[in-house]
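A.B. asks: Sharing a structure, written as structure tokens. Questions coming.
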Amino acid sequence: MWALSCLNMFFRGDGKSNIENVSSLEPESKESIRMKFNRAFLNPPFHQDGEPERDFIDASMDALIQDGIFIGVVYAGVFADEENQEWRANFMKKHTLIGMISLPDELFYPNASAITTIMIAKAHVPQPEDSEIFMGRIDNDGYMKQKGKRIECEGNQIPEMLCELKRFRLGKKIKPKRNITVVKAELLRNGAEYSPQQYIPQEVLTNDDVHYLNKGTLMSLFQTITGYPDITDSINPDFANFAGKKMLPLGMTEKLEYFFDVKTGKSKGISKYSEGITPYVSSGDGTNGIVGLISKSDLEICDGCITVSAFGTAYLQPWNYMARGNGGSSVRVLLPKFNMTVGELFWFIAQINSQKWRFTYARQAIKSRLTKLSLTSPPQHITKEFDIISKISDFKTKLSELSEI
């Protein structure tokens with residue numbers, strides 16, 4: 001690596017880069033460059049035992065003079081997980097966090113699948129309590145994945161993000177589209193989470209957006225039946241019976257926990273069960289998160305008709321099912337607190353799925369995050385007849401007819 005780095009700089013006409021063949025994390029290395037630079041650019045290696053990303057960030061900050069600027073492209077989990085919570089809180093006691101900008105999930109495709117975020121900080125200046133921090137989100141960096149590689153595309157958001165960041169640095173008001181400012185105290189209230197996904201507001205959904213998302217929910221049900229035709233034997237005709245509950249308040253924007261009780265699946269890994277007719281819901285995508293049909297355990301059957309995967313995808317489950325409950329990728333089960341029609345269930349599923357961008361492998365939809373997700377109830381009751389059971393029955397019948405030779 002050292003030889004390649006030197007050769008690369010030689011070809012670029014540099015030759016004076018002082019690249020040394022030693023570990024940057026050794027005490028001697030850190031001391032030799034302590035407070036000698038005014039800029040640090042970093043893309044630390046993906047987390048390894050004994051060498052977490054925070055150590056590389058700290059070493060870079062120590063190498064900077066006071067007011068020196070750090071910019072790093074870092075694995076996003078560092079800014080969201082509990083393991084680094086104390087480090088994040090202490091970081092602002094020594095330095096100033098200027099901004100965080102989340103990057104496209106496929107930025108390093110096909111070489112890596114790590115979800116990354118840009119961190120911008122100022123060295124050796126403790127973060128004032130009332131200071132604001134820039135939070136931004138880039139979905140399009142001018143490239144898209146196609147046929148195993150990334151090709152150029154329209155809609156590059158980087159120039160706009162740079163413009164907004166410059167406005168923020170100059171103390172001007174920014175446009176709250178894909179970015180927002182957050183005060184230090186709010187970060188600390190949220191477990192010192194630095195993730196832009198925690199703070200950037202969701203854009204208002206149009207009727208076309210809701211229609212498109214509802215179509216995706218319905219298509220997932222049909223794909224599930226195609227993959228598991230016997231699943232219809234587990235359908236619960238009363239899955240959307242909420243008689244006795246209060247009427248759903250209209251046009252209200254509240255946290256998800258206002259509209260739903262959030263439970264965690266109770267089941268172990270699917271390998272612990274024998275085959276059967278009961279759907280097993282995991283956190284995979286497609287077929288409603290269902291990865292197999294297993295033998296039923298009455299103590300583990302779920303009542304909630306909406307599930308949310310660890311990666312923030314919501315599905316309608318009109319059957320009795322069991323959901324994964326062990327480990328970080330547990331499935332969340334939503335139990336409506338109000339009387340909701342099937343159309344209103346679809347409305348809330350669309351609201352949740354429109355915010356899937358908030359959740360990734362690096363920042364999963366754990367209960368504490370999901371309950372705080374902001375949702376808006378429909379402006380009027382959705383009373384249009386929507387007999388999902390009949391749709392499923394008709395689809396299976398046609399599927400059987402088409403399967404005849």
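The values are calculated or read from the model by the stated rules, or taken from the named source; none is laboratory data. Quantities reported herein were computed from a predicted structural model and do not represent experimental measurements. As a convention, Cβ positions derive from the backbone with ideal geometry for all residues, glycine included, and neighbour counts pool all protein chains shown. Accessible surface areas use protein heavy atoms only, side chains included; no ligands, DNA or RNA. Shrake-Rupley method; radii C 1.70, N 1.55, O 1.52, S 1.80 Å.
A.B. asks: Residues in region 369-399 that are under 14 Å from S309 (Cα atoms) and part of a helix (DSSP H, G or I): how many?
C.D. replies: Within region 369-399, residues that are under 14 Å from S309 (Cα atoms) and part of a helix (DSSP H, G or I) number 2.
A.B. asks: Follow-up question, since we're still on this one. Among what's in region 30-40 and is in a helix (DSSP H, G or I) and either charged (D, E, K, R) or in contact (Cβ under 8 Å) with a residue 24 or more places away in the chain (or both), pick the residue that is surrounded by the fewest Cβ atoms within 10 Å (Cβ to Cβ).
C.D. replies: Filtering first and then ranking leaves E31.
A.B. asks: Give all pairs with beta carbons closer than 7 Å in which a residue from region 193-221 that is closer than 30 Å to D81 by Cα meets a residue that is part of a loop (DSSP other than H, G, I, E, B) and among the aliphatic types (A, V, I, L, M); count only pairs at least 6 apart in sequence or on separate chains.
C.D. replies: Every condition considered, the pairs that remain are E193/A80; S195/A80.
A.B. asks: From the residues in region 356-368 that are of a type in the set (D, E, K, R) and in a helix (DSSP H, G or I), which one is farthest from P237 (Cα to Cα)?
C.D. replies: Here the answer is R358.
A.B. asks: Select, from E186, E257, E203, E164, the only residue that is at pLDDT 90 or above and more than 18 Å from C305 (Cβ to Cβ).
C.D. replies: Only one candidate qualifies: E164.
A.B. asks: Which one of F168, F242 is closer than 30 Å to I290 by Cβ and open to solvent by less than 60 Å² (accessible area, probe 1.4 Å)?
C.D. replies: Step by step, each of F168, F242 is checked, and only F242 is closer than 30 Å to I290 by Cβ and open to solvent by less than 60 Å² (accessible area, probe 1.4 Å).
A.B. asks: If you scan region 310-322, which residues turn out to be in a strand (DSSP E or B) and open to solvent by 10 Å² or more (accessible area, probe 1.4 Å)?
C.D. replies: Here is the first cut: in region 310-322, the ones in a strand (DSSP E or B) are 314-316, 319, 321-322.
Matches in region 310-322: Y315 only.
A.B. asks: Please work out if S374 is over 20 Å from G216 (Cα atoms) and surrounded by fewer than 18 Cβ atoms within 10 Å (Cβ to Cβ). It would help to see each step written out before you state the result.
C.D. replies: Working: over 20 Å from G216 (Cα atoms): yes; surrounded by fewer than 18 Cβ atoms within 10 Å (Cβ to Cβ): yes.
So S374 passes the test.
A.B. asks: Condition first: open to solvent by 30 Å² or more (accessible area, probe 1.4 Å), closer than 23 Å to A365 by Cα and small (G, A, S). Now tell me which residues in region 287-309 satisfy that.
C.D. replies: Scanning region 287-309 gives no hits.
A.B. asks: So, T360, is that one at pLDDT below 95, within 15 Å of L250 (Cβ to Cβ) and of a type in the set (V, I, T) or not?
C.D. replies: No; evaluated as a whole, the condition is false for this residue.
A.B. asks: Go through region 234-257 residue by residue and tally those that are in a loop (DSSP other than H, G, I, E, B) and touching a helix residue (DSSP H, G or I) at 6+ places or on another chain (Cβ under 7 Å).
C.D. replies: The number of residues fulfilling the criteria is 3.
A.B. asks: A further question follows. Out of (1) within 24 Å of the chain's Cα centre (by Cα); (2) open to solvent by 50 Å² or more (accessible area, probe 1.4 Å); (3) at pLDDT 95 or above, what's the single condition that is false for V73?
C.D. replies: Condition (2) is where V73 drops out.
A.B. asks: In addition: Right, I101: of a type in the set (A, V, I, L, M), touching a helix residue (DSSP H, G or I) at 6+ places or on another chain (Cβ under 7 Å) and either over 27 Å from D141 (Cβ atoms) or open to solvent by 80 Å² or more (accessible area, probe 1.4 Å) (or both) or not?
C.D. replies: Numbers: of a type in the set (A, V, I, L, M): yes; touching a helix residue (DSSP H, G or I) at 6+ places or on another chain (Cβ under 7 Å): yes; either over 27 Å from D141 (Cβ atoms) or open to solvent by 80 Å² or more (accessible area, probe 1.4 Å) (or both): no.
For I101, the condition - of a type in the set (A, V, I, L, M), touching a helix residue (DSSP H, G or I) at 6+ places or on another chain (Cβ under 7 Å) and either over 27 Å from D141 (Cβ atoms) or open to solvent by 80 Å² or more (accessible area, probe 1.4 Å) (or both) - is not met.
A.B. asks: Here's something else I'd like to know. Pull out all pairs, ordered by first then second residue, where Cβ-Cβ is under 8 Å, the residues are six or more apart or on different chains, the first lies in region 8-27 and is on the phi < 0 side of the Ramachandran plot, and the second is open to solvent by less than 70 Å² (accessible area, probe 1.4 Å) and in a loop (DSSP other than H, G, I, E, B).
C.D. replies: M9/G15; M9/S17; M9/I19
A.B. asks: Another question about this same structure. For residues that are surrounded by 17 or more Cβ atoms within 10 Å (Cβ to Cβ) and part of a strand (DSSP E or B), tally how many sit in region 182-193.
C.D. replies: 1
A.B. asks: Looking at region 327-343, can you tell me whether even one residue there is crowded, with 18+ Cβ neighbours inside 10 Å, in a helix (DSSP H, G or I) and modelled with pLDDT under 95?
C.D. replies: Yes, region 327-343 contains a residue that is crowded, with 18+ Cβ neighbours inside 10 Å, in a helix (DSSP H, G or I) and modelled with pLDDT under 95.
A.B. asks: Got a sec? Which strands (runs of 3 or more DSSP E) wholly within region 91-170 have at least 3 residues that are under 22 Å from the mean Cα position of the chain (by Cα)?
C.D. replies: Result: 96-102, 116-122, 132-137, 143-146.
A.B. asks: Being farther than 27 Å from G171 by Cα and not hydrophobic (A, V, I, L, M, F, W, C) is true for just one of N140, N111. Which residue is that?
C.D. replies: Exactly one residue qualifies, and that residue is N111.
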